[in-house]
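Following: one structure in structure tokens, then a few remarks.
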Amino acid sequence: MTVSSRTPEGSFSKCPLCSANTNIEFSDPGGDATCPNCGCLLWETAQILEEVQNRFAESLNVSADPLPVNARFDELGADSLDMVEMVLDLEEQFDINISDEAAQKIQTIGELVRYVESRRRGKQE
């Protein structure tokens, strides 16, 4: 299936979260399309994922490259203080609110990215 998209040229052809093939077609001006498998916004989610991976890598002094979306925070060596700092940084950067209850339920990088993406989408509607 080909997904009509407004995704910038040279973009990935797999969903950054679920790895489903998306067969994105280029269109201009750049924008976004949803993954046909999991529904995440492809371009925005890729940007959020990259930012989350970079922040974790910086905070934990590890390389951002091998941080898979299904990596659990405790497996990465993140403690509760690291998570509080991450939540505060993401709230500020993306202008969203992550409740304490939601933050406690989020256990992986992918879950955090999905939450941020859904909050941003909710704000824009």
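The values are calculated or read from the model by the stated rules, or taken from the named source; none is laboratory data. None of the values given here were measured: they were computed from a predicted structure. Cβ: placed from backbone, ideal geometry, glycine included. Neighbour counts: every protein chain shown. Surface areas here come from the heavy atoms of the whole protein model, side chains and all, with no ligands, DNA or RNA. Shrake-Rupley method; radii C 1.70, N 1.55, O 1.52, S 1.80 Å.
In the stretch 96-120, the residue that is farthest from Phe73 (Cα to Cα) out of those that are charged (D, E, K, R) and either at pLDDT 90 or above or touching a strand residue (DSSP E or B) at 6+ places or on another chain (Cβ under 7 Å) (or both) is Glu117. Within the stretch 94-104, being in contact with a helix residue (DSSP H, G or I) (Cβ under 8 Å, 6 or more places away or on another chain) and either assigned to a helix (DSSP H, G or I) or surrounded by 14 or more Cβ atoms within 10 Å (Cβ to Cβ) (or both) holds for Phe94, Ile96, Ile98, Ala102, Ala103. Would you confirm whether or not the stretch 77-93 contains a residue that is part of a helix (DSSP H, G or I), touching a residue at least 60 places away in the same chain (Cβ under 8 Å) and open to solvent by less than 50 Å² (accessible area, probe 1.4 Å)? No, the conditions are met nowhere in the stretch 77-93.
Does Asn97 meet the test of being of a type in the set (S, T, N, Q) and either under 18 Å from Glu50 (Cα atoms) or in contact (Cβ under 8 Å) with a residue 40 or more places away in the chain (or both)? Criteria not met by Asn97. Counting only residues that are part of a helix (DSSP H, G or I), in contact with a helix residue (DSSP H, G or I) (Cβ under 6 Å, 6 or more places away or on another chain) and farther than 16 Å from Glu117 by Cβ, the stretch 50-76 holds 1 of them.
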